[in-house]
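Where a number appears in this text, it was derived from the coordinates with a stated rule and is not lab data. This structure is a prediction, so every number in the text was calculated from the model and none was measured. Glycine also receives a Cβ, built like all others from the backbone with ideal geometry; neighbour counts cover every protein chain displayed.
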Amino acid sequence: MRWTRYFINTLREVPADADVISQKLMMRGGMIRKVAAGIYTYLPLGLRSVQKLEAIVREEMTRAGSTELLMPAIQPAELWVESGRWQKYGKELLRIKDRHERDFVFGPTHEEVITETVRDAVSSYRQLPVNLYQIQTKFRDEVRPRFGLMRGREFIMKDAYSFHSSRESLDETYEAMRDAYGRTFRRCALDHVPVEADTGNIGGSASHEFMVLAQSGEDAVVSCPSCRYGANIEKATSRFFEDEPEPAPMTEMAPLHTPGTKTIDDVGAFLKKPTSRLVKTLVFDTENGPVMVLVRGDREGNEIKIKNFLGVNTLEMLPDTKFEAATGGPVGYCGPVGTKCKRVLADSSLKGRKDWVVGGNKPDTHIGGVNPGRDFPEPEYGDFTTVFAGDPCPRCGNKLEIHRGIEVGHVFKLGTKYSEAMNCVYLDEKGERRPMIMGCYGLGIGRTVAAAVEQSHDGDGIIWPMPIAPFEVVVTSVGREENVLATATEIYEKLQAEGIEVLFDDRDERPGVKFKDADLIGFPLRIAVGARSLANGQVEWSFRRDRAKQLGEPAAVLARVVEEVRKARTA
Ligand code: ATP
Ligand code: MG
């Protein structure tokens, strides 16, 4: 490809509303163009990277036994009514009407369409398992579209779905798909970790997210540097941290006058106790009424864990206006002794502790020497708090670390959630009807490309990993001399003949402009042909990653560059 016949428009200025580096560099490098909030055009260079990733994904999906199909982006509302998501899916779902006023959605995901497809085609256990994928444009009306391709409203996703007659069969496919994800991200040279993820309250299922570690990541990833434990922050657990030894046996309950101490820090300072020795009371409103959750004073409640434990759909902090009526205590002084809340949960880290200090359900009052079981009914214990960096790993006990991550892929054992709702059944060996057991597997194409840029760039631009670079090599002619153009053209044509993806910067531009553009776009390899070195029969070549210049005769450089590309392709 010759630059002069291609369509590249690099920008000198950083776009004003770009907030992460991948977005800035991809916009400046002429790879994407914003059309509306969260809606982008993939310009030719950007599209090449996208298509190269798609090719890798297709190879790995095929290897994992998945078959490609393509479903419609526009889906009839009836399917969503059947699955129950017409009601449940919030404002992210773009609902549209056709000319007959019939309801449709622009698909944010395709469980409904695929379940209907398989329901109609498969009736016997002999036809299972089925594993299908597509690469397709989704629409989600995200509240805050941002970060360019990382959180768009319209975006490309690879989504796969599998259907099984047994848990074992699902497990097997799940493993194969997980491996495929690992291979895909490794092939893109992405530094990533698979982590356990929350599954909501679908019973007995598993879920893993693939996280690319990067400062700009929207997710917090908990990982253990010693063993391979990794989980996202919503799901991560830790061993109980070693406590100070329990003080003397239970004392009697005694009210404490604690004026003006509405926060746990105030109480700690007032009573001269570390907050870890105090008990914090959280109260949530749910569709089944208010719930009190007791956690150690230095810990944060984890709403996802609490929600899953309760099996509720909504969980919100109880507003101050409802507080007194629901709990019987004033805001800031509420506690479990004599509370009106019907359900009281307590974090496992409190189990076995004696003489709790809790709110007294009266203004300016706490109570010390409170013991569960004796002074208020034994609470329901469970894991209700968020892990902190430094907590002991649940597997090996070493200190956990917390990093920022970009979720690029997600694999999920769905179980029978959709097949039951949509009557997707098969006949088993005994001729009995059973719901198919499902798995689903998503991978963000645009987000993965952007994540690669987040991980690999410098002050001058992108440093593409070879497998997803828009072109593997750029050949730059420096100056207008005839022999320069002739040599550059020859190198370009020979590279093409070798099957190398090469862009020939044949523009009549100053060398500085050409080199700046090449660095910004980030071609992994560059060959520069200029009059000065050519006078000695040499051309110059360099890797984008270190830009160390090397000289050699054209034929030798050509051979070397071809070798480097081939090496990187098979790495
Ligand atoms: P997030 O929590 O980041 O919103 P999600 O849990 O909604 O992601 P899934 O529904 O599991 O994501 O979608 C599968 C994959 O699609 C994600 O792992 C991600 O790579 C990609 N993806 C999801 N939402 C977006 C988006 N708004 N823009 C770009 N890619 C996205
Ligand atoms: Mg989302």
- Of all DSSP beta bridges located in segment 274-412, what percent are antiparallel, nearest 5? 65 percent
- Task: Name the shape class, rounded, prolate or oblate, that the alpha-carbon gyration tensor gives for segment 277-375, where a ≥ b ≥ c are the square roots of its eigenvalues, rounded holds for a/c under 1.5, and otherwise prolate holds if a/b is larger than b/c and oblate otherwise.
- Result: oblate
- Going by a ≥ b ≥ c, the root eigenvalues of the Cα gyration tensor, does segment 482-563 fall in the rounded group (a/c under 1.5), the prolate group (a/b larger than b/c) or the oblate group? rounded
- Task: Among DSSP beta bridges lying fully in segment 442-570, give the percent that are antiparallel, nearest 5.
- Result: 45 percent
- Query: So how much slack lies between Glu490 and Gln51, counting 0.36 nm per residue of separation and subtracting their Cα-Cα distance, in nm?
  - Reply: 155.3 nm
- Query: Taking the simple approach of a point 7 Å from Cα along Cα-to-Cβ for both Lys88 and Leu70, what is their distance in nm?
  - Reply: 3.1 nm
- Efficiency of FRET from Cβ geometry, Asp120 and Lys430, R₀ 30 Å, rounded to 0.05: 0.85
- Query: Rounded if a/c is under 1.5, else prolate if a/b is larger than b/c, else oblate: which is the chain, with a ≥ b ≥ c the root eigenvalues of its Cα gyration tensor?
  - Reply: prolate
- Could you check the simple spin-label distance between Thr314 and Lys351, using points 7 Å along Cα→Cβ, in nm with one decimal? 3.2 nm
- Direction-averaged shadow area of the convex hull around the Cα atoms of segment 414-504, nm²? 11.6 nm²
- Message: For Arg12, Arg126, Arg544, Arg560, which order do you get if you count the other beta carbons within 10 Å of each Cβ and list the fewest first?
- Response: Arg12, Arg126, Arg560, Arg544
- Item | Contour excess over end-to-end distance, with Cα ends at Lys362 and Ser226 and 0.36 nm allotted per residue | 44.2 nm
- Flagged as over-length at 32 Å C-alpha distance, from Lys262/Lys305; Lys91/Lys280; Lys322/Lys413, the pairs are Lys91/Lys280; Lys322/Lys413
- Query: Can you list the aspartates and glutamates whose alpha carbon sits under 17 Å from that of Lys158, skipping same-chain ones fewer than 8 residues off?
  - Reply: Glu54, Glu59, Glu60, Glu68, Glu111, Glu112, Asp179, Glu209, Glu407
- Item | Among Ser349, Ser419, Leu25 the positive-end extreme of the charge dipole of the chain (Cβ point charges) | Leu25
- Item | Residue among Leu213, Val561, Leu256 farthest towards the positive dipole end of the chain, charges placed on Cβ | Val561
- Task: Among DSSP beta bridges whose residues both lie in the chain, state the antiparallel percentage, nearest 5.
- Result: 80 percent
- Query: At a Förster radius of 30 Å, what calculated FRET efficiency corresponds to the Cβ-Cβ distance of Ala555 and Val513, to the nearest 0.05?
  - Reply: 0.55
- Message: Given points 7 Å out from each Cα along the Cα-Cβ axis, report the Ala568 to Glu59 separation in nanometres with one decimal.
- Response: 1.5 nm
- Note on the structure: To the nearest 0.05, the calculated FRET efficiency linking Val143 and Glu482 through their beta-carbon distance, R0 being 60 Å, is 0.55
- What length, rounded to one decimal in nm, is gained on full extension from Arg186 through to Thr4, with 0.36 nm per residue of separation minus their alpha-carbon distance? 62.1 nm
